[in-house]
Amino acid sequence: MAGPARRRVPPAPSAPSGSMRPPTGALAVRALRFWLVNYRRTWRGSIYSSVVNPVLYLGAMGLGLGTLVDQHGTASLGGVSYLAFLAPGLLAANALMTSMGESTYPVLGSVKWLKTYQAAVATPIRPSDLFRGHLLFTLLRLLMNTVIFLAVMAAFGAIRSPWVVFTIPVCLLTGLAFATPIEAYAITRDKDSSFAMLYRFGVIPLFLFSGTFFPVSQLPGWAQPIAYITPLWHGVALCRSLSLGNPTLGAALIHVAYLAALSLAGLLVGLRTYRRRLYV
């Protein structure tokens, strides 16, 4: 007598091959989508600060203090009003502040407190995709804040040239030059105490002494070379020349090359620190 028929067990599905893996760009966009969804809950607060900060700075420093500065002559400012001199410097400094805010606590929170990065790397998303995705989000925030700042500058009458439209990519590059190394550093931290030191001894001196509020030529001779090698000075100088309508090709290429090199160096370091922190 024939025995019972055996059920045929289907073969186990094979692991997807490398060709079936989504491309790196698509995975970075998925990481970007996470930040965009999260931003839908917080955008109102950031929009408020993005509008109020330039209004306060340009009103108090550009119009208030600027009136006193203009009364004593503007030869050291290139013959322009203090408001026209100050506004593009603050525009570049705004890129620094935006990058600093997006590249410190959000990164530490994702890896230390919320553990969202650990959850993400359990999927096909890799640490490099998380890094690139967050940089894309930072660039979007830079774009938004730059456009808002330019609108406030126009309302205050601080724009002197149509070349000012090219300050948008300059601010993106300036912000990226800070975002990549700061984020590469932030992913390695377990506590936020070092961020206070970064603000106190990094951001504030850059903000004050990189040509934002006065020409670097007014600094002591020994301090001027230090100011000239800071990334913010390159962003300030290029934004100011574009806003005032007197850019030169040679100087612009030097500024762009410096900021691009710093961005690339930070990107390479960040790819390594993300991988070391999230692949255990």
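The values are calculated or read from the model by the stated rules, or taken from the named source; none is laboratory data. Since the model is a prediction, treat every value here as computed from it, not as a measurement. Cβ coordinates were reconstructed from backbone atoms using ideal geometry, including for glycine residues, and neighbour counts include every protein chain displayed. Each accessible area value is taken on the protein alone, full model and side chains, heavy atoms only, with ligands, DNA and RNA left out. Shrake-Rupley method; radii C 1.70, N 1.55, O 1.52, S 1.80 Å.
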Note to self: C-alpha centroids of segment 155-234 and segment 45-80 sit apart, in Å, by 18
Note on the chain: contact order normalised by length, alpha-carbon pairs under 8 Å, 6 or more apart, percent, works out to 26
The relative contact order of segment 182-280, taking Cα pairs under 8 Å that sit 6 or more residues apart, comes to a percentage of 40
In whole µm²/s, the translational diffusion coefficient that Stokes-Einstein assigns to segment 60-126, given a Kirkwood hydrodynamic radius over C-alpha pairs, 25 °C and 0.890 mPa s, equals 161
If R0 = 35 Å, then Leu68 and Ser161, at their Cβ-Cβ distance, give a FRET efficiency to the nearest 0.05 of 0.85
Expressed per residue, the solvent accessible area of segment 132-219 in Å² (1.4 Å probe) is about 43
Between Leu140 and Ala252, Cβ-based FRET efficiency (R0 25 Å, step 0.05) works out to 0.50
Rounded to one decimal in nm, the spacing of the 7 Å Cα→Cβ label points at Ala265 and Ile226 is 1.8
With label points set 7 Å from each Cα along the Cα-to-Cβ direction at Gln218 and Gln118, the distance between them in nm comes to 5.1
For segment 184-279, listing chymotrypsin sites (Phe, Trp or Tyr not before Pro) in a DSSP loop whose Cβ sees at most 12 other Cβ atoms within 10 Å gives Trp222, Tyr279
Over its alpha-carbon atoms, segment 131-199 yields an Rg and a Dmax in Å of 15.2, 46
In the chain, whole DSSP H helices that both stretch 24 Å or further along their axis by alpha carbon positions and average at least 0.5 on the Kyte-Doolittle scale are 82-103, 127-156, 167-186, 249-278
Carbon plus sulfur, as percent of the 1.4 Å-probe accessible area of the chain, comes to 68
Quick note, segment 139-280: a/c under 1.5 would make it rounded; otherwise a/b > b/c is prolate and the rest oblate (a ≥ b ≥ c, C-alpha gyration tensor); here it is prolate
Taking only the alpha-carbon atoms of the chain, the convex hull volume per residue, in cubic angstrom, is 173
